[in-house]
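Report on the structure given below.
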Amino acid sequence: MTRVVSGSGTDVLVIGGGVIGLGVAWRAAQRGFAVVVVDPAHGGGAAQVAAGMLAPVTELQYGEEPLLRLGMASNERYAAFTAELSELTGLDTGYRRTGTLAVALDSDDREELRELHAFQQRLGLESHWLTGRECRRLEPMLAPGVRGGLQVTGDHQVDPRRLSTALVRACERAGAQLLPAEATELLVEGDRVAGVRLSTGELLRAERIVLAAGCRSHLLPGLPEGVLPAIRPVKGQVLRLRIPRPYAPFLSRNVRAVVRGKHVYLVPRADGELVIGATTEEQGYDTTVTAGGVYELLRDAHELVPGLTELPLVETGAGLRPGSPDNAPLLGPTALPGLVAATGHYRNGVLLAPVTGDLLAEYLTTGTVPELAVPFSPSRFGTKVPA
Ligand code: GLY
């Protein structure tokens with residue numbers, strides 16, 4: 001017999017306990033909602049692999065100005081967001097205001113970076129052109145052949161694993177219930193959502209459900225066809241190296257480059273971890289770490305910072321970025337009454353966690369989509385519930 005679990009007084013049910021779902025749950029619980037988050041492993045997901053570079057300016061793409069505005073808004077909130085988390089939980093999130101240096105290794109890279117710089121300047125963004133010598137003065141471990149670069153003083157970093165742990169604790173402190181179960185079916189009654197069936201066989205009823213299940217969001221059984229577009233998994237392989245104690249000066253800021261058309265970045269943490277990311281592969285839900293992926297990352301990172309081959313390689317991993325059809329997130333009410341989306345964050349899940357939490361909590365409270373979220377309506381793909 002199906003049992004209805006405690007939590008029938010749930011105001012907001014969040015499906016997905018990654019940094020996005022937890023961020024929404026925390027902010028909603030702070031506003032007084034009775035919140036339940038269902039996930040087999042809260043604090044897991046892509047953030048366990050992500051490097052945590054907060055890079056709205058260095059990852060700027062042409063035609064993505066609304067996404068830039070959202071990213072900048074989230075970046076601006078990061079210091080206060082992490083300070084609040086740390087104060088509440090006593091946990092460090094690894095947020096570091098390091099800035100980022102994006103460098104060019106040959107004249108083609110330099111032209112590309114010059115164009116990016118011109119675009120950034122047209123948009124009034126903070127970014128400074130440096131010669132190769134100036135880049136190496138900032139980061140002496142850079143390859144002697146570096147031809148120039150962009151110093152972006154506002155693109156920082158956080159440790160996504162520490163952030164996830166802190167968000168789990170903050171949700172608990174705020175009174176959100178974290179249910180270790182999988183949502184196996186969305187229940188729809190009449191024209192609106194009514195709850196979910198869990199992997200335990202139990203039913204959890206709620207009138208408002210936030211779908212934050214990353215690249216599996218559109219696969220939830222019971223979700224009517226047409227409500228969400230497919231969210232494609234985009235694999236990223238990442239390496240973790242360790243700078244031996246006592247830490248010799250290695251890198252003091254995020255360093256990135258485009259090598260043979262592929263992005264490579266190095267994120268040095270205060271605790272001696274050096275993260276190298278990331279491949280971009282579209283081949284379904286596969287998270288195998290491949291020899292080729294590791295080889296390419298090491299080869300490209302080595303061109304940038306030759307000395308890193310001396311460091312111990314302590315971990316390899318692969319995560320799945322949730323990519324929407326236009327690579328921008330889906331934020332707010334869907335065509336199915338009661339179902340709210342917080343998914344499709346693609347390369348920016350960690351960056352966008354603070355602003356997503358704030359915007360969704362605001363929507364849940366007022367029933368009005370905040371202006372910043374309007375360009376990210378889940379309905380922009382023409383999705384609808386079939387009659
Ligand atoms: N934002 C970095 C990545 O997705 O690889």
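The values are calculated or read from the model by the stated rules, or taken from the named source; none is laboratory data. Everything numeric in this text was worked out from a predicted model, so none of it was measured. No Cβ is skipped: glycine too gets one built from the backbone with ideal geometry, and neighbour counts run over all protein chains shown. Surface areas here come from the heavy atoms of the whole protein model, side chains and all, with no ligands, DNA or RNA. Shrake-Rupley method; radii C 1.70, N 1.55, O 1.52, S 1.80 Å.
May I have the pair-distance distribution P(r) for region 256-306, computed from all Cα-Cα distances with 5 Å bins from 0 and rounded to whole percent?
Reading the bins upward from 0: 4, 19, 28, 22, 17, 8, 2.
Roughly how far apart, in whole Å, are the Cα centres of region 30-84 and region 197-227?
Cα centroid to Cα centroid, the span is 22 Å.
Compute the label zone of THR280 within region 316-338: residues whose backbone N is under 17 Å from the point 7 Å along Cα-to-Cβ.
319-329
Would you calculate a helix-derived [θ] at 222 nm for the chain, using -39,500 (n - 2.57) for each DSSP H run of n ≥ 4 and dividing by the full residue count, to the nearest 500?
The helix-only estimate for the chain comes to -9000 deg cm²/dmol at 222 nm.
So what's region 184-286 giving for Rg/Rh, alpha carbon basis, Kirkwood Rh from the mean inverse pair distance?
Checking Rg against Rh, the ratio lands at 1.20.
Please sort 139-148, 32-41, 350-359 by packing, taking for each peptide the average over its residues of neighbouring beta carbons within 10 angstrom, highest first.
Ranked from most to least packed, the peptides come out as 350-359, 32-41, 139-148.
Any idea what % of Cα-Cα pairs in region 1-96 are farther than 23 Å?
40
Using C-alpha positions alone, give me the convex hull volume of the chain per residue in cubic angstrom.
135
Can you give the local net charge around ALA278? Use residues other than it whose beta-carbon is closer than 10 angstrom to its beta-carbon, Lys and Arg +1, Asp and Glu -1.
It works out to a net charge of +3.
Which value, to two decimals, describes the C-alpha radius of gyration of region 295-379 once divided by 2.2 N^0.38 Å?
1.57
May I ask for the angle, rounded to the nearest 10°, between helix 291-304 and the longest principal axis of the chain, with both axes built from Cα atoms and the value confined to 0 to 90°?
Long axis of 291-304 versus the principal axis of the chain: about 50 degrees.
Sort 316-326, 55-65 by packing, meaning the average of other beta carbons within 10 Å per residue, with the highest value first.
Per-residue mean Cβ counts within 10 Å order the peptides as 316-326, 55-65.
Net charge near PRO329: determine it from the other residues with C-beta under 13 Å of the C-beta of PRO329, scoring Lys and Arg +1 and Asp and Glu -1.
Taking every other residue near PRO329 into account, the sum is +2.
Can you tally the net charge around THR343? Count Lys and Arg as +1, Asp and Glu as -1, for every other residue whose Cβ sits under 15 Å from the Cβ of THR343.
+3
Calculate, for region 212-330, the solvent-accessible area per residue in square angstrom, rolling a 1.4 angstrom probe over the heavy atoms of the protein chains.
Per-residue accessible area for region 212-330 comes out at 41 Å².
If you roll a 1.4 angstrom probe over the protein chains with everything in place, what fraction of the accessible area of the chain belongs to carbon and sulfur, to the nearest %?
Ligands and nucleic acids excluded, carbon and sulfur reach 51 percent.
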